[in-house]
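Report on the following structure.
Every read-out reported here was derived from the displayed coordinates using simple, explicitly stated rules and does not represent laboratory data. Only a predicted model underlies this, so the values are computations on that prediction, with no experimental measurement involved. All Cβ positions, glycine included, derive from the backbone under ideal geometry; neighbour counts span all protein chains shown.
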Amino acid sequence: MSSHAQNRARVIPLRPVPATAPGPAPAAREPLWRDVVGDVLRRERLAQERTLKDVAEDARISMPYLSEIERGRKEASSEVLAAAARSLGLGLADVLSLAQGELGRRSTAASRTSPARMSPARASLGEVRLAA
């Protein structure tokens, strides 16, 4: 093996590389809970016109960590979520309820773009199924 070949770094992408080949569009990605919760926290903070630093200090969370939670990069513990919620004048149940509503909207939008077989549990939530 040549010394030049030994010096090459192997690159492993952190996210899948998008396909550039023509064909059917890839299926929509199911939204992640951490993304939705982070969006809810950020939206509430901005609605109150508060800075990341202010909320982080009030919640006793480091500012970089709260930023990563808001961006969906970190999965926060229930204790951290409760502290962030309290800092925003909300309860943990309020944040989770808002996130659940947002998750429902995103999941519905994703299922419209990529039809999948409906589970019996989802069918029992009020959706109509027709048999041939």
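Assuming R0 = 22 Å, what is the FRET efficiency of Thr108 and Glu68, from their Cβ-Cβ distance, to the nearest 0.05? Once the sixth-power term is evaluated, E becomes 0.20. Modelled spin-label separation between Leu92 and Gln48, with each label point placed 7 Å from Cα along the Cα-to-Cβ direction: 1.7 nm. Each residue of region 41-46 was assigned a 3J(HN,Hα) from its phi angle through the Karplus expression (A = 6.51, B = -1.76, C = 1.60, θ = phi - 60°), giving 4, 5, 4, 5, 5, 5 Hz with x at Gly and Pro. Taken one residue at a time, the phi angles of region 50-55 give Karplus couplings (6.51, -1.76, 1.60, θ = phi - 60°) of 10, 7, 4, 4, 4, 5 Hz. Gly and Pro are set to x.
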